[in-house]
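Right, one structure below, let's go through it.
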4 protein chains.
Amino acid sequence: MSRNIQVSRLDRRAVEDQEVEIVERKGVGHPDSISDGIAESVSRALSKLYLDRVGKVLHYNTDETQLVAGTAAPEFGGGEVIEPIYILIVGRATKEYEGAHLPVDSTALAAAREYLAETVPELEYGTDVIVDVKLGEGSGDLQDVFGEDEKRVPMANDTSFGVGHAPRTETEQIVYDAERELNTTYYAEHPELGPDVKVMGKREGDRIDITVAAAMVDRHLDGLEAYDDAVESVREFVTDLARDRTNREVVVDVNTADDYEEDSVYLTVTGTSAEMGDDGSVGRGNRANGLITPNRPMSMEATSGKNPVNHIGKIYNLLSTEIAESVTARVDGIRDLQVRLLSQIGRPIDEPHVADVQLVTADGVDIADIEDDVIAIVDEELADVTGVTKRVIEGDVSTF
Amino acid sequence: MSRNIQVSRLDRRAVEDQEVEIVERKGVGHPDSISDGIAESVSRALSKLYLDRVGKVLHYNTDETQLVAGTAAPEFGGGEVIEPIYILIVGRATKEYEGAHLPVDSTALAAAREYLAETVPELEYGTDVIVDVKLGEGSGDLQDVFGEDEKRVPMANDTSFGVGHAPRTETEQIVYDAERELNTTYYAEHPELGPDVKVMGKREGDRIDITVAAAMVDRHLDGLEAYDDAVESVREFVTDLARDRTNREVVVDVNTADDYEEDSVYLTVTGTSAEMGDDGSVGRGNRANGLITPNRPMSMEATSGKNPVNHIGKIYNLLSTEIAESVTARVDGIRDLQVRLLSQIGRPIDEPHVADVQLVTADGVDIADIEDDVIAIVDEELADVTGVTKRVIEGDVSTF
Amino acid sequence: MSRNIQVSRLDRRAVEDQEVEIVERKGVGHPDSISDGIAESVSRALSKLYLDRVGKVLHYNTDETQLVAGTAAPEFGGGEVIEPIYILIVGRATKEYEGAHLPVDSTALAAAREYLAETVPELEYGTDVIVDVKLGEGSGDLQDVFGEDEKRVPMANDTSFGVGHAPRTETEQIVYDAERELNTTYYAEHPELGPDVKVMGKREGDRIDITVAAAMVDRHLDGLEAYDDAVESVREFVTDLARDRTNREVVVDVNTADDYEEDSVYLTVTGTSAEMGDDGSVGRGNRANGLITPNRPMSMEATSGKNPVNHIGKIYNLLSTEIAESVTARVDGIRDLQVRLLSQIGRPIDEPHVADVQLVTADGVDIADIEDDVIAIVDEELADVTGVTKRVIEGDVSTF
Amino acid sequence: MSRNIQVSRLDRRAVEDQEVEIVERKGVGHPDSISDGIAESVSRALSKLYLDRVGKVLHYNTDETQLVAGTAAPEFGGGEVIEPIYILIVGRATKEYEGAHLPVDSTALAAAREYLAETVPELEYGTDVIVDVKLGEGSGDLQDVFGEDEKRVPMANDTSFGVGHAPRTETEQIVYDAERELNTTYYAEHPELGPDVKVMGKREGDRIDITVAAAMVDRHLDGLEAYDDAVESVREFVTDLARDRTNREVVVDVNTADDYEEDSVYLTVTGTSAEMGDDGSVGRGNRANGLITPNRPMSMEATSGKNPVNHIGKIYNLLSTEIAESVTARVDGIRDLQVRLLSQIGRPIDEPHVADVQLVTADGVDIADIEDDVIAIVDEELADVTGVTKRVIEGDVSTF
């Protein structure tokens, strides 16, 4: 077997060298991310249920969670949710196998509840948020089981496409890390920060503007002064974080839409704008690499919630990202690398129709110098395609 | 003011003396009773919310909770719910008052969650049961507030009818107490008994047949033998209870539909048949006195969930029962007493169009002997009509 | 085979002779009746689907339709529905039989749509009303088919009770006919009358008060004067109808809650109060005989939507009414007759545990004179118990 | 006022000249497109409602329609839908304005019904598909009205980004036209073709592979032979269409997943895969230009359903496409053109932060030769930004 791996020059400048760059990351508490996160949690839980009960992953797809926003009345010191957020888990799942009924609805609901408790802890389950479920049986054709023998590589059942990039540009790194650090390290010390943190980065030449929209939690703030301190604290944290990652000029703005005189600030009861008017759904936010990067080709495919055993779009989006990161980590002299995997119906998924690697090398590096190393790594990663499935099921890979 | 209280002879035998008597009580875990119970909890919670926030009870009605059954796979030692029960809280409520938004949806959901936790503790909220809510705003005409001044007696806004009886016949007492004792005293020692206990009593002459359908909880029973012991234990408990209350012949059957050879027994995961195919809704089960008594006139009006300040049907059903009990407790020589209250639109509710008391006296007692006492008690109870409202809001009165 | 038919004297006066009588009928456009009507239409449609596809009626129960009221802005000349009415069809049905999938959801929805088009024609499907469906699979035990051979009488699977009465009192007849005639003959000439007509009758001695609440349809009325004419026209029609049926004093009131000065009248867009705040559900309105009669024993059992092949409560409620009517039509000298049928688990349903016929005879008529005739008719009706099932499926019997 | 319009060379080859090109279009009957189409119809209907009632477009956003697939049993000659498709319209809308209630729910439902009737005519409303609606009130801050004076250009309230391209490559043109022609010209003669037509184009060098997945409607086909003819007819139609648009090698495949021996073909009752297992939601399919083009930068923003007056992402996605098309239509010598519009919060939307025009010129054409013409056209288009809003409301612009 030889895989069709092609390496060529990217016919554009490295994104790092382009004049204008735009990057965005929706934090885990953003309504679209909540939908992605629930869809993916439900997917993991169903995979585990099937493995546990019947030894293999059966057909399912849960990539359509819909979040309908609630209504809230935030207030310094502690307000309240008025009308709950409504979340509808949508998808297909195998509910019966060899005569046994499988608790897919209950499993999906438990996964969503647990995910929400971890991710949006201020949201009280059952009163601030209602989670409902509509999982159909799927079409007859697709109900055949798969993944029976984990060692066997599945066949592609669709023409699909995945794309990955590495390394991150400075702006991408700052945007990504800002959200991640705010929602972990920073939050640990600052419970007033809600998980609905949206970070936009815009670089023009050597100036990077970072705009953060951060939902604040009312019960941890006793008034406008405390709120203002909280905003300023986020600004300083992100500024420091950014300066650690670039020598370019950095300007950070937080909650720019606030209007103190009108008492109009980004205050919430639960830490997410889903409580007040912002709906969300799967596949509308971050791509599989955690970012929205209009400067780079992106797949429209929703990655979260898809079946990780046989959904070729999900696997190739995640795998192409892993390949790009692996190559740039292990091969020097690459300024920008893009991997595209295109499936071929009826062929094992470790043998894509084409694995197209395009790159921009550093000054003085020639593609010919590194081509063999690149091909070897891509080949190795493709050979381990089922490893992606395992890591997804274990929750070791983020899909948004 | 003089109240139109009429006392006359019941033109039938006391129910105790009739040849055939049928009585039923659906236990608190029965799907219809769960609906009643949630509707009434939500009602109490809204009354308290309004009192707390605006000092008076605003317009609402929550008497339409619909329960859609789930699917479960019970198993000795512990089975599982496959598809959750779905409960839809339906009704009308005032959501805004003088510019302030009132959290009626969240309050309703919290009340339902708490009620379920107390009443059907094996039911895991959010996975075994989904609770959703649709509370509309109600019609403009009715949104005028009421109850502003608790001392003022409200006007009847409808022609409505309430009926109450006392004392309970032996069969009624046995049926009522059997369910109540099973779900409290007995359950405290026997966690295998679920709250979905349905008790039917049939008396023909001097023989009373008590039929109990009792949902058993699978995780507390390790097999058919344990199940059989549990059934027998219920039978003995109810038999003893019945014999304490009557000298008539008593026969008790428990879970008569069981077929051990077919492994078909009344086993559940959660203790309620709502987990597997039995839907429920408000006003379909027990009347306001806790019983279904085809031998006696009954009101069709659903009592649970109605607004206790101005819903005349609810108030008169509860009040007529209280009056009947009060009169028979305080006046000797009454074998059967029936109170009917009929409202008159536009008159204060303590002045019914007619308060019609009919009774069967004991041998040797003449109506003339006791008429004045009866009228005095009825008058006193009617004067305290707003006390019913208070007791309902406090949860001191059961509505089903 | 001998049926246990008992004939005895009713130990009370005929209802016609009692001092106070209360009767109510909710018209077909009342929210509770809409729920009943949809539940029963769905039931008939499923029975026919099963007969058509598999030659016998399979297990189902659709007696839990829940109606959630909408919001409307009626206006003389034609207003509009603002928020649609939401109707949820709830129940259990067999969805698969010998490998074939049966379109129970689509069939239920089609039945509901057709029923609404006939009954509440002003209601525009899909915008004024949303109909949703949740039909589960039911419990395993009950999924066994039945009715396989129509000649075979099914066994009672529950202890249940049905009660019927005849003849109607004058008040009952007036209340019943008023609603029926208003919604047919009268409506044909008066499109401004909506189907939500509620009729209450109260008789005290020889005075009958009839109170009609009639929803008027806005687009057929150009102003308050036209409305007032419409109300007056209903009043005259009902007055004439009542006087044809009694020599007692009759007073008719229509839409008594109207307040012309406040422009508060019973005007609707669609002809039903479900458009504005009045929720509805099955089994909360008229009993199987079309009336609510607190002066008579009533069954709590919801008749509409139940499976007519094996639901003993439904069958016995309808059959006892048919028996009562048949006996009083064919035997002279009966002033009031009450039939109670009590099932016995495990016995064919044409052999009730007891068929208890109680009656009040006319002056000069002795029970002994007519007992044999009565028993013969009851016996004949019981023998034809499966005829009830057929008539229900054909829609020849009304259940509410 | 001078607009910040920048013209520069695209730092990549024209897509037409790239080695590999992938293009996809989901037809109007695809579940994601149905969601897009309903969302946009609802948006147009609400815009018109607001204009009609209050003279200006109020706040709303309806970009979250969720489609939950049904179950169907297609059969040659005519099968049936078993479980209906469920569509939930989600979003925010202003429901009350200066005391008047606006029928936003009814309007949304009517728009969805009409759209479905036109687009998926085989789908019977109310039985094959249930449409439900959850439109909340939105956040207080955003409820301020806008667009009051149509001549005034609104301010950008968000940092957003739109991107457009022109001209279409051959592959793009074939993919786009194939779906459009199949669903109009071809369908007019071939009612067996359902609207769920998905077209994928893959070009490698000078070979174009077109893969069509076309749902066939069962009642127009009497058997496998007729089906096979229908598939072949589509293949020929698309082949001819493609050859009219390119001199490259063209290979067309239709319904490649069919397996005639297993009787597994793409047969449907209603012409859409939504009837059997394929869920859909807004913003998951075609971009604003009607295509999915991984070779080009794309905006993640869902265009359908957004408010066309003030949603900057929607306006800029549509406008940038219009600009690109206008420039390439009026200026010769452009092989590939990309327009990016980036908004600036607080500035009128006709003055973007930057209007970035990048292009690849034909041989012998220099950017300097055409720059002034390009800038003039871009300036003119930006000046008419409110024209986009009007055309969207009139339905003259497609959003997917």
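The values are calculated or read from the model by the stated rules, or taken from the named source; none is laboratory data. A quick note: this is a predicted structure, and the numbers were derived from the prediction, not measured. Positions of Cβ are generated from backbone atoms using ideal geometry, with glycine treated the same way; all protein chains shown enter the neighbour counts. Remember, those area values only see protein heavy atoms, side chains included, never the ligands or the DNA or RNA. Shrake-Rupley method; radii C 1.70, N 1.55, O 1.52, S 1.80 Å.
Things worth noting here:
- Candidates in segment B:250-267 are the residues that are within 25 Å of B:I174 (Cβ to Cβ) and part of a strand (DSSP E or B); of these, the one that is most open to solvent (accessible area, probe 1.4 Å) is B:D253.
- Taken across segment D:203-224, residues that are among the hydroxyl-bearing types (S, T, Y), part of a helix (DSSP H, G or I) and either under 30 Å from A:Q338 (Cα atoms) or not assigned by TED's automatic domain parsing to the domain that holds D:A39 (or both) do not occur at all.
- Matching residues in segment C:45-54 - criterion: being without any contact (Cβ under 8 Å) to a residue 60 or more places away in the chain and either under 15 Å from C:T389 (Cβ atoms) or within 14 Å of chain B (Cβ to nearest Cβ) (or both): C:Y50
- Test for B:R12: is it over 26 Å from C:G285 (Cα atoms) and open to solvent by 10 Å² or more (accessible area, probe 1.4 Å): yes
- Test: residue in segment A:50-61 that is among the polar types (S, T, N, Q) and closer than 25 Å to A:F400 by Cα: yes
- Note on segment C:325-347: residues that are away from chain B (no Cβ under 14 Å) and under 30 Å from B:D259 (Cβ atoms) total 0.
- Enumeration of residues in segment A:26-42 that are under 17 Å from A:D105 (Cα atoms) and either touching a Lys or Arg at 6+ places or on another chain (Cβ under 7 Å) or surrounded by fewer than 24 Cβ atoms within 10 Å (Cβ to Cβ) (or both): none
- Filter result for B:D372 (of a type outside the set (A, V, I, L, M, F, W, C) and part of a loop (DSSP other than H, G, I, E, B)): no
- Checked against the criterion of being of a type in the set (S, T, N, Q) and part of a loop (DSSP other than H, G, I, E, B), the candidates C:Q344, C:Q358, C:Q338 yield just one match: C:Q344.
- Any hit, segment A:214-225, residues being closer than 24 Å to D:H353 by Cβ and either buried (at least 21 other Cβ atoms within 10 Å of the Cβ) or more than 14 Å from every other protein chain (Cβ to nearest Cβ) (or both): yes
- All conditions but one from (1) crowded, with 21+ Cβ neighbours inside 10 Å; (2) basic (K, R); (3) assigned to a helix (DSSP H, G or I) apply to C:R235; the one that does not is (1).
- Pairs, first closer than 12 Å to B:V7 by Cα in segment B:358-373, second at pLDDT 95 or above and open to solvent by 90 Å² or more (accessible area, probe 1.4 Å), C-beta under 6 Å, six or more apart: B:V360/B:R335
- The listed residue being more than 14 Å from chain A (Cβ to nearest Cβ) and modelled with pLDDT of 95 or more, out of D:V42, D:V15, D:V104: D:V104
- Only a single criterion out of (1) farther than 20 Å from B:V392 by Cβ; (2) within 11 Å of chain C (Cβ to nearest Cβ); (3) part of a loop (DSSP other than H, G, I, E, B); (4) of a type outside the set (K, R) is not satisfied by B:T270, namely (2).
- Any hit, segment D:237-245, residues being aromatic (F, W, Y) and either in contact with a helix residue (DSSP H, G or I) (Cβ under 6 Å, 6 or more places away or on another chain) or within 11 Å of chain A (Cβ to nearest Cβ) (or both): yes
- For segment D:17-40, the criterion of being among the basic types (K, R) and within 30 Å of A:F161 (Cα to Cα) is met by at least one residue.
- Selection of segment A:352-371 for residues being open to solvent by 30 Å² or more (accessible area, probe 1.4 Å) and closer than 27 Å to A:A156 by Cβ yields A:H353, A:E371.
- Among the conditions (1) in a loop (DSSP other than H, G, I, E, B); (2) at pLDDT 95 or above, C:L241 misses just one, which is (1).
- Residue ID - most open to solvent (accessible area, probe 1.4 Å), chosen from residues in segment B:83-101 that are more than 24 Å from the chain's Cα centre (by Cα) and at the interface with chain A (Cβ under 9 Å from one of its Cβ atoms): B:H101
- Among residues of segment C:115-130 that are on the phi > 0 side of the Ramachandran plot, those with a Cβ under 8 angstrom from a residue that is in a helix (DSSP H, G or I) and open to solvent by 20 Å² or more (accessible area, probe 1.4 Å), sequence gap 6+ or separate chain, pair up as C:G126/D:A110; C:G126/D:R113.
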